[in-house]
Amino acid sequence: MPGAQGRRVAVIAGCRTPFCRAGTLLRSARAVDLARHVARELLERTNLDGRAVDEVVFGQVIPSPLVANVAREVSLLPQFPRDIPAYSLSRACASGAQAIAAAADQITLGHTNVAIAGGVESLSDIPVLASRPLADALVSASKAKSLKQRTLPFTRLRPRDLVPVSPAIAEPSTGETMGQSAEKMAKENRISRIAQDEWALRSHTLAARGTDDGRLVAEIVPWFPERPDAPVVTADNGIRRDTSLEQMKRLPPVFDRRYGSITAANSSPLTDGASAVLLMGEDTARTLGYEPLAFIRSYAVAAVDPGWQLLQAPVWAVPKALERARVAWSDLGLIEIHEAFAAQVLSNLQGFAGHGWTLNEDLINVMGGSIAIGHPFGATGGRLVTTLAHEMQRRGVALGLVSICAQGGMGFAMVLERA
Amino acid sequence: MTALALEITDGVAVVTLDVPGASVNTISRAVRDECAACFERLAQDRSVRAVAFLSGKRDGFIAGANIEEFVALTSAPEAEQLVTSAQQLLERIARFPKPVVVGIHGACLGGGLEFALACHYRVVTDHPKTQLGLPEVQLGLLPAVGGCQRLPRLIGVRAALDIILAGRSERAAKAWRLGIADELVPVPILRDVVLAAAGRLAGGWRPERRRPGGVLGLLLDRTPLGCRVVFELARRRVRATTHGNYPAPLAALEAVEYGQRHGVASGLKREAELFGQLAVGDVSRKLVQIFFATTALKKDYGIPTAPAPLEVRRLGVVGAGFMGAGIAGTAVVQAQVDVRLKDADLPRVARGLAAARAVVNERLARRRITRYEHARLVASLSGSDHYTGFGRADLVIEAVFEDLGLKQQVVGEIEAVTSPSAVVATNTSSIPIASIASRAGRPDRIVGMHFFSPVARMPLLEVIPSETTAPEVVSTAVAFGRRMGKTVVVVRDRPGFWVNRILAPYMNEAGYLVLEGAAIEEIDHLMVAWGFPVGPITLLDEVGLDVAEKACGVLYAAFGERLAPSPAVPRLVNDGRFGRKNQRGFYRYAGGKKRGADPTVGELLGVQPNGGAHAATVLQRLVLVILNEAARAFGEGIVRQPRDGDIAALYGFGFPAFRGGPLRHADDLGAARLVSELERLTERHGPRFAPCDVLVEQARSGTKFYN
């Protein structure tokens, strides 16, 4: 069944780097290195000639000031001709999924035939900035003509101006951090600490199973560190096999020490990683001889007031996407929900139930989620689409859903279909 | 025929050199005459205030003198006369009453640079193709058209000697830093800058030239005592590297020194005399022959009516060991292809990728590439423990362990994942290509590519077609080898191919000599003095004793008693000595450096060092086994032409260039003499010295390898 208009967009393949906790195995890599690696390996895995690609789109939430458009650096890989246009975008944690949606739109419109869409984040390599007074002083000094003019701006600085500034994961409009928002949602939706810990444990257990049986590993391209004696990174390093509810219970809440329930164990960790998905028009795939994993049936984005429940917008995005796909919740055979916090997942599920939908946990995050696997902001969308498409194929499921909550009170949903 | 075009605008005469019918400009007698006439006319023309000189070739200035003219020289006075008349032309330009400005884009070598040095102002482009140098000593000659006088006066004695004695070329930026060029400019504005400089000079402006080098430079370059020190050190360095076998660098040194002492005019005279002696000397003749042979080889695909090679955009390499990584790194750096490296497990792939990257890093460290080019080259390297990405490979080179069964299996795996048109090359030093291809599904796509280790540095590649290899596959392998910067020789599919075939008896003989009590260092010293870069025992250590044992074993199995290995190497291998790679061999190693012969080797081999054979006999035995085996292999058609065999021996194992190669050297000694010496050695040391049929036949009929 074709999409609303235009031609169908096929997901041909997807892959990702290992997702590693920030400051660990991928810490010496820059985001651009991860993005280039994953895109090149996508070509390798699909035996696609780089000359066939028309567009590259990447999502990234905290770009390096030195590489403002990471997608262009990807499309300047020697494996591609130099004339592939590329752009990078941000829709916060849904950036990777948005990159896929944006590339798919261009294919639907007939503007492109083959696109690589992905996302990347290196939280080991976030920009550390000078404070505004220091930055102002540096700028005036650079324009100065005499030694006196050059030194004068610095005399007005105070010691605290010398402290570097790094981006906080907080809402610019409310000042609330992501964790505080999750804490608020847990309270308002009455999500218990134990329910959160159980969801986190489930995430680790299922992710470990998916890793051990090879399903997740198959999506991962090994990362070769710069140093030849360092081990090759082949799997995610955030998945815990040794944890238990008892251990989780002992962790103190981070954001509200007294009455809070959000802990390091039931939140997704800061993570480095990249993902990429190969998209083609259905006809192009046929011409080039590729067997699609799945097709993009629809997608939708919704937003709520960030001052309300910051991560609850999927509750509005999902019905929109289902409506555009002209399918019902009950038609879905698999669901991938991004896990920023266990409290957010459970709040989202509560919201879905509020639509009158029946929840079947056996279909949700069947190989765990971001809590265990990790959440490199820009890369998570590519991971979810890749994992969902592969698992739909393995299980012979006809319809699947991706649901992602994002900073700014946004929610993203995408429906995939097979055949 | 007119090579020069003249155009006068605003009082500046623009002279453009474009030698018709040639891809590069070279200076022949005709060009010189035309040039002389042109400058005569410009001297007379009152409307001309300055001269701007440019090349009409797209990417080349002047590649040097026309070497064919040197070959035709028959006597020293004739050669002297040739350069004297050239010197007179350049003197005329140097003293030209109107300023002469030269714009240089592309290669500016030998006589081309000497011409530029005679001009009054030099502008070079910052293009990578712009290279300035005096390569004369590489042809056994010296820069004799003022190069030994004008360069040291322009940039100082030390810097000039560095360039002249090594026959080196410098990139434009370096040449500019050294002071050879006055300005370094982007290509599109070269002509404008040259014309502007000509106009300024005509108006009386004079450039200020400062010589870099500080106080030390001043002391060494500008004082008689300092110069004497510089010359003495340079002379010592030359002697240490040439072992008295190559007269040209010493002659060039003398020309520079003589000119510094006695002035330009006397210096020029000395240059011409020395050139006369060198040009008709044996060494230069040999080196010029090699130059022509190498040039001819670059256009030869090694098979009759070779079809066009396939385009190789992507290379697959199977086996990420030392060889495979070297091939991958060199291919990326030289051929700028996309390379996919595959090995059985990821740690090996990681080490292979790191080793391949080291080849690229080395180019960056030597500033041959920018860090942006470096990043792009490094991104061309990737690897996996699966054959992912091999479907797009146009050429796959397997470099797995030397084991027939394994190689057959790997070839099968490669065939299963590559397109039917892909070329599958097998890198082997000893296994017949036909055996490797015997189980293959597409034996016509299989060809041998025998690289030498370390791949990044060794200049030779043997390409080995089997009986079934398609001609297009051969030309593809040859063309790609050339893109990798290698001199490529196509050889027949017989054990050892060419290089190892003639190397094996040489290695064996060195082993026999050690067992007879000859001192290890003495053997090496003799062969180095004879002209090899290293002696045979050092070579064994470098190659790896286990590798040598295996290769010599294969040849023994194929050719029998004649190539029976000496027991020396196996005994060392049994003792766990693999040569330099494990720091234990015939020599001792400490901290990665060779530290003299290992005294325990004698004990291990049960040999009392007794001095062994006489030096003359050692030399005779080692040289004659090479010549005899080369002649025999040539008789078997391993190489198609003596040229190929000689060039391969030069580049493959460092046969002395001034001797021209084993077949050329055999010709020089004469088959009759070789046969009688070999017969004498046969009587004394056994049938392995028996002269081969080819030499016996040549001795009988009085023929030679080269006509």
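The values are calculated or read from the model by the stated rules, or taken from the named source; none is laboratory data. Small disclaimer: the values here were computed from a predicted structure and weren't measured. All Cβ positions, even for glycine, are placed from backbone atoms using ideal geometry, and neighbour counts span all protein chains on display.
For segment B:485-505, what are the residues that are crowded, with 24+ Cβ neighbours inside 10 Å, in contact with a helix residue (DSSP H, G or I) (Cβ under 7 Å, 6 or more places away or on another chain) and in a loop (DSSP other than H, G, I, E, B)? Selection gives B:G496, B:W498. (1) at positive phi; (2) without any contact (Cβ under 8 Å) to a residue 40 or more places away in the chain: which one isn't true of B:N574, the others all being true? In the conditions (1) at positive phi; (2) without any contact (Cβ under 8 Å) to a residue 40 or more places away in the chain, B:N574 misses (1) alone.
Every test in (1) under 27 Å from B:D10 (Cα atoms); (2) part of a helix (DSSP H, G or I) is passed by B:G217 save one, and that test is (1).
Filtering segment A:140-165 to residues that are part of a helix (DSSP H, G or I), surrounded by 11 or more Cβ atoms within 10 Å (Cβ to Cβ) and out of contact with any Leu (no Cβ under 6 Å at 6 or more places or on another chain) leaves A:S140, A:A141, A:Q149, A:R150, A:T151, A:L152, A:P153, A:F154, A:L162. Of the residues making up segment A:43-73, just one is hydroxyl-bearing (S, T, Y) and touching a helix residue (DSSP H, G or I) at 6+ places or on another chain (Cβ under 7 Å), namely A:S64. Can you spot a residue in segment A:328-335 that is more than 28 Å from A:D212 (Cα to Cα) and touching a Phe, Trp or Tyr at 6+ places or on another chain (Cβ under 8 Å)? Looking through segment A:328-335, at least one residue is more than 28 Å from A:D212 (Cα to Cα) and touching a Phe, Trp or Tyr at 6+ places or on another chain (Cβ under 8 Å). A single entry from B:G217, B:G213, B:G179, B:G167 fulfils the requirement of being modelled with pLDDT under 95, within 30 Å of B:I369 (Cα to Cα) and surrounded by 21 or more Cβ atoms within 10 Å (Cβ to Cβ): B:G167. The lone criterion from (1) under 26 Å from A:R227 (Cα atoms); (2) among the hydrophobic types (A, V, I, L, M, F, W, C); (3) over 30 Å from the mean Cα position of the chain (by Cα); (4) crowded, with 17+ Cβ neighbours inside 10 Å left unmet by B:V410 is number (1).
Regarding A:V254, is this residue within 14 Å of chain B (Cβ to nearest Cβ) and either touching a residue at least 12 places away in the same chain (Cβ under 8 Å) or within 16 Å of B:L346 (Cβ to Cβ) (or both)? Here the answer is no, as A:V254 does not meet what is asked.
Condition test on B:A356, is it within 14 Å of B:A456 (Cα to Cα) and touching a residue at least 12 places away in the same chain (Cβ under 8 Å)? So B:A356 fits the description; yes.
In the set A:V32, A:V56, only one residue is outside any strand (DSSP E or B), aliphatic (A, V, I, L, M), under 29 Å from B:Q336 (Cα atoms) and in contact (Cβ under 8 Å) with a residue 12 or more places away in the chain; that residue is A:V32. Among the residues that make up segment A:187-198, is at least one of them more than 18 Å from A:V254 (Cβ to Cβ), more than 14 Å from chain B (Cβ to nearest Cβ) and not acidic (D, E)? Yes, there is a match, as at least one residue in segment A:187-198 is more than 18 Å from A:V254 (Cβ to Cβ), more than 14 Å from chain B (Cβ to nearest Cβ) and not acidic (D, E). The set of residues from segment B:150-159 being under 27 Å from B:H127 (Cβ atoms), aliphatic (A, V, I, L, M) and modelled with pLDDT under 95 comprises B:L154, B:I155, B:A159. From the list A:A71, A:A52, A:A103, A:A115, the lone residue that is within 14 Å of another protein chain (Cβ to nearest Cβ) and either at pLDDT below 95 or over 13 Å from the mean Cα position of the chain (by Cα) (or both) is A:A52. Checking each residue of segment A:29-45 against the condition of being more than 14 Å from every other protein chain (Cβ to nearest Cβ) and of a type in the set (A, V, I, L, M, F, W, C) gives at least one match.
For beta carbons closer than 7 Å, sequence separation of 6+ or different chains, a first residue in segment B:120-147 that is free of Cβ contacts under 8 Å to residues at least 40 places away in the same chain and within 21 Å of B:V288 (Cβ to Cβ) and a second that is surrounded by fewer than 24 Cβ atoms within 10 Å (Cβ to Cβ) and not β-branched (V, I, T), the qualifying pairs are B:G133/B:R168; B:G133/B:S169; B:G133/B:E170; B:L134/B:G167.
For residues in segment A:353-372 being surrounded by 11 or more Cβ atoms within 10 Å (Cβ to Cβ) and of a type in the set (S, T, N, Q), which is farthest from A:R395 (Cα to Cα)? Of everything passing the filter in segment A:353-372, A:S370 is farthest from A:R395 (Cα to Cα). I'm told A:L201 meets every condition in (1) of a type outside the set (F, W, Y); (2) under 25 Å from A:S275 (Cα atoms); (3) in a loop (DSSP other than H, G, I, E, B) except one. Can you identify the failing condition by its number? The single condition A:L201 does not satisfy is (3). Inside segment B:449-476, residues that are part of a loop (DSSP other than H, G, I, E, B) and in contact (Cβ under 8 Å) with a residue 24 or more places away in the chain make up a count of 12.
Could you say which residue among B:L268, B:L341 is over 27 Å from B:P662 (Cβ atoms), within 14 Å of chain A (Cβ to nearest Cβ) and in contact with a Gly (Cβ under 8 Å, 6 or more places away or on another chain)?
Working: B:L268 fails: within 14 Å of chain A (Cβ to nearest Cβ).
Matching residue, one of B:L268, B:L341: B:L341.
Going through B:A434, B:A416 one at a time, which residue ends up being touching a Ser or Thr at 6+ places or on another chain (Cβ under 6 Å), assigned to a helix (DSSP H, G or I), at pLDDT 95 or above and surrounded by fewer than 19 Cβ atoms within 10 Å (Cβ to Cβ)? Only one candidate passes the filter, namely B:A434. When each of A:S88, A:S64 is tested for being out of contact with any Asp or Glu (no Cβ under 8 Å at 6 or more places or on another chain) and either away from every other protein chain (no Cβ under 12 Å) or more than 14 Å from A:I116 (Cα to Cα) (or both), the lone residue that passes is A:S88. Among residues of segment A:218-241 that are under 23 Å from A:T380 (Cβ atoms) and away from every other protein chain (no Cβ under 13 Å), those with a Cβ under 8 angstrom from a residue that is among the aliphatic types (A, V, I, L, M) and part of a loop (DSSP other than H, G, I, E, B), sequence gap 6+ or separate chain, pair up as A:D236/A:L216; A:N237/A:L25. Selection of first residues in segment B:603-629 that are closer than 19 Å to B:G686 by Cα and of second residues that are basic (K, R), restricted to Cβ pairs under 8 Å at least 6 apart or on distinct chains, gives the following pairs, ordered by first then second residue: B:A613/B:R621; B:V625/B:R688; B:E629/B:R501.
Check segment A:76-83 and report whether any residue there is within 14 Å of chain B (Cβ to nearest Cβ), among the aromatic types (F, W, Y) and not in a helix (DSSP H, G or I). Checked against the condition, which is being within 14 Å of chain B (Cβ to nearest Cβ), among the aromatic types (F, W, Y) and not in a helix (DSSP H, G or I), segment A:76-83 yields at least one hit.
Quick one: is B:G405 within 14 Å of another protein chain (Cβ to nearest Cβ), farther than 21 Å from A:V232 by Cα and part of a helix (DSSP H, G or I)?
For B:G405, the condition - within 14 Å of another protein chain (Cβ to nearest Cβ), farther than 21 Å from A:V232 by Cα and part of a helix (DSSP H, G or I) - is not met.
For the residues B:E40, B:E91, B:E69, the requirement of being surrounded by 14 or more Cβ atoms within 10 Å (Cβ to Cβ), out of contact with any Lys or Arg (no Cβ under 7 Å at 6 or more places or on another chain) and closer than 26 Å to B:G267 by Cα singles out B:E91.
Listed here are the helices (runs of 4 or more DSSP H) enclosed by segment B:278-379 that have at least 3 residues being under 27 Å from the mean Cα position of the chain (by Cα) and farther than 18 Å from B:I397 by Cβ: B:282-297, B:346-365, B:371-378.
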